[in-house]
Amino acid sequence: MDLKVGAILEGTVSGIANFGAFVTLENGQKGLVHISEIANSYVENVRDHLSEGMKIKVKVLELGQGGKINLSIKKALVSEPAKESPPETKPQPIPEAPPKTENEIFEDRLKRFMQESNSRINENKMYKDLKNRRKR
């Protein structure tokens, strides 16, 4: 049986290391599932997710030199047909605010002016205080 990149196969975990798991495939060849290819979430310890003798589905990622086979569990799960998803809900439109009256527009402008004015006054006070400290 010739392996092809992208093929999804079944295998048995034959060994576990800190960096991943060794998997014996159906045809007797061995490959490696790197720790980053075990699950979609962060994997701190491979033994938390896999154990020796466990049957798993893997996807062939790469066929390297010297017969090295790189495998992925998480990509094999993604490749499987997805279960029927719930129907999409359309987002509700955001109601538009009623137009502002002349009085509200004036109040908004006045509020913005007061904020800017207070900001300038505070800056001038800081500058004056700094200048007075230097003279002492």
Requested in this report: Between T12, T24, T101, find the one with the highest GNM mean-square fluctuation for the chain; connect C-alpha pairs within less than 10 Å.
Outcome: T101
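Subtract the Cα-Cα distance of E116 and E52 from 0.36 nm times their separation in residues, and report this length gain in nm to one decimal.
Numbers: separation 64, 0.36 × 64 = 23.04 nm, distance 6.87 nm.
Extra length from E116 to E52 when fully extended: 16.2 nm.
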Query raised in the report: In the set (i) 41, 35, 21; (ii) 83, 56, 28; (iii) 39, 32, 25, which value of Cα extents along the principal axes in Å was calculated from the structure you see?
Result: (ii)
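Are there any chymotrypsin sites (Phe, Trp or Tyr not before Pro) in the range 1-78 that are in a DSSP loop and have at most 14 other Cβ atoms within 10 Å? List them by number. Don't skip to the end; give the middle numbers.
Values: sites: F19, F22, Y42; in loops: F19, Y42.
Taking the range 1-78 and a limit of 14 other Cβ atoms within 10 Å, the loop chymotrypsin sites (Phe, Trp or Tyr not before Pro) found are F19, Y42.
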Report task. Take the chain, connect every pair of alpha-carbon atoms lying under 10 Å apart with a spring to form a Gaussian network, then pick out the residue of S119, S41, S72 with the largest mean-square fluctuation. Result -> S119
Query raised in the report: What does the charge add up to near N40, with Lys and Arg as +1, Asp and Glu as -1, over the other residues with Cβ less than 11 Å from its Cβ?
Result: +1
Query raised in the report: Most mobile of S117, S14, S36 per a Gaussian network model of the chain (Cα springs, under 10 Å)?
Result: S117
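A short reminder: the numbers here are calculations on the coordinates, not readings from a lab. Everything quoted here is computed from the prediction, not taken from an experiment. Note that each Cβ is placed from the backbone with ideal geometry, even for glycine, and that neighbours are counted across all protein chains shown.
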